[in-house]
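Student: One structure follows; several queries about it will come next.
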Amino acid sequence: MLYNLVFLCYNLRVGDSMNLIFLRHGEATDNVKELISDKEIYWSILTDKGIKDVKESIELLPSNIDIVYVSPLPRTIQTAHFVYEKYPHLNFLIDDRIREIQYGKYSHFKNNEELDETRKKQIAGDYLVRFGDYGENKLDIERRLSNFLIDISKSKYENVLIVSHGSVISYMKRLLDLKSSHIKKGEIEIFNDVDFNYLLKYQDILDRFK
């Protein structure tokens with residue numbers, strides 16, 4: 001298994017230094033079925049491969065983690081549970097702001113052309129177009145994630161582990177101007193001395209939408 005470990009330095013962070021560790025949940029049952037799984041009720045849990053990959057990645061985690069933030073979906077909680085088994089002394093917090101993107105009427109369906117077109121519009125700068133008519137738009141996603149990141153930036157923690165989903169982790173990295181490829185299922189990325197100033201400046205764009 002290849003580990004997508006990234007060590008980058010950002011030296012202009014306001015306040016004390018913080019290292020961010022992202023852990024994407026392992027392969028889950030709805031991943032195998034190619035279904036969009038954005039709700040707890042679907043009970044998409046880790047496959048045997050997903051469990052194996054997560055356990056291998058956990059062996060690469062630093063031992064000095066201060067806190068673990070976890071998405072509330074079963075596959076991310078299950079992933080975090082394996083971290084707990086290795087580090088039972090850590091403080092684990094479930095945070096709804098880092099949950100999977102909401103896909104509206106296409107929840108628990110396979111990906112389709114309309115969703116791909118929505119993604120293209122969002123990448124092009126459309127903050128208001130929604131996934132599946134009543135799902136989230138770019139503004140919804142970036143607001144909840146930027147609020148989460150700003151909150152943790154104000155903490156005194158030095159090493160923060162975030163257990164979440166691939167697209168959500170990609171959004172957080174873009175908000176922080178962290179350059180790396182899309183994280184694979186069950187893998188970790190480590191960013192040292194993260195600079196939150198880019199995010200604080202980006203807040204000006206989000207604040208234009210009232």
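Please treat every number below as a calculation from the coordinates, not as lab data. Please read these numbers as outputs of a predicted model, since none were measured by experiment. Using ideal geometry, Cβ is built from the backbone for each residue, glycine included, and neighbour counts are taken over all protein chains shown.
Student: Given (1) more than 20 Å from the chain's Cα centre (by Cα); (2) farther than 30 Å from LEU60 by Cβ; (3) surrounded by 12 or more Cβ atoms within 10 Å (Cβ to Cβ); (4) not acidic (Asp, Glu), where does GLY125 come up short, assuming only one miss?
Tutor: Single failed check for GLY125: (3).
Student: Looking at this structure, is ASP151 in contact with a strand residue (DSSP E or B) (Cβ under 9 Å, 6 or more places away or on another chain) and acidic (Asp, Glu)?
Tutor: No.
Student: So, one more: Taking segment 128-153 as the region of interest, how many residues are loosely packed, with under 14 Cβ neighbours inside 10 Å and either among the aromatic types (Phe, Trp, Tyr) or under 14 Å from ASP193 (Cα atoms) (or both)?
Tutor: Of the residues in segment 128-153, 1 are loosely packed, with under 14 Cβ neighbours inside 10 Å and either among the aromatic types (Phe, Trp, Tyr) or under 14 Å from ASP193 (Cα atoms) (or both).
Student: Which numbered condition trips up THR79, out of (1) under 16 Å from the mean Cα position of the chain (by Cα); (2) without any contact (Cβ under 8 Å) to a residue 12 or more places away in the chain; (3) under 23 Å from VAL32 (Cα atoms)?
Tutor: Condition not satisfied by THR79: (2).
Student: Specify the residue that is nearest to ARG174 (Cα to Cα); the eligible residues are those in segment 133-142 that are within 21 Å of the chain's Cα centre (by Cα) and in a loop (DSSP other than H, G, I, E, B).
Tutor: Ranking the qualifying residues of segment 133-142, first place goes to GLU136.
Student: Picking from ILE51, ILE45, which residue would you name as being among the aliphatic types (A, V, I, L, M) and under 30 Å from ASN137 (Cβ atoms)?
Tutor: Residue meeting the stated conditions: ILE45.
Student: Would you mind finding the one in LYS179, LYS173 that is assigned to a helix (DSSP H, G or I) and over 14 Å from ILE152 (Cβ atoms)?
Tutor: Sole residue among the options that is assigned to a helix (DSSP H, G or I) and over 14 Å from ILE152 (Cβ atoms): LYS173.
Student: Which residue, of LYS120, LYS156, is over 21 Å from GLN203 (Cα atoms) and either part of a loop (DSSP other than H, G, I, E, B) or among the aliphatic types (A, V, I, L, M) (or both)?
Tutor: Just one listed residue meets the conditions, LYS156.
Student: In this structure, does LEU145 turn out to be under 16 Å from the mean Cα position of the chain (by Cα), farther than 16 Å from ILE205 by Cα and not in a loop (DSSP other than H, G, I, E, B)?
Tutor: no
Student: Still on this structure, please answer the following. Hey, could you check segment 178-201 for residues that are free of Cβ contacts under 8 Å to residues at least 60 places away in the same chain and more than 30 Å from ILE45 (Cβ to Cβ) and say which is surrounded by the most Cβ atoms within 10 Å (Cβ to Cβ)?
Tutor: It comes out as LEU199.
Student: Only residues that are within 22 Å of THR76 (Cβ to Cβ) and acidic (Asp, Glu): list them for segment 155-200, please.
Tutor: Passing the criteria: GLU187, GLU189.
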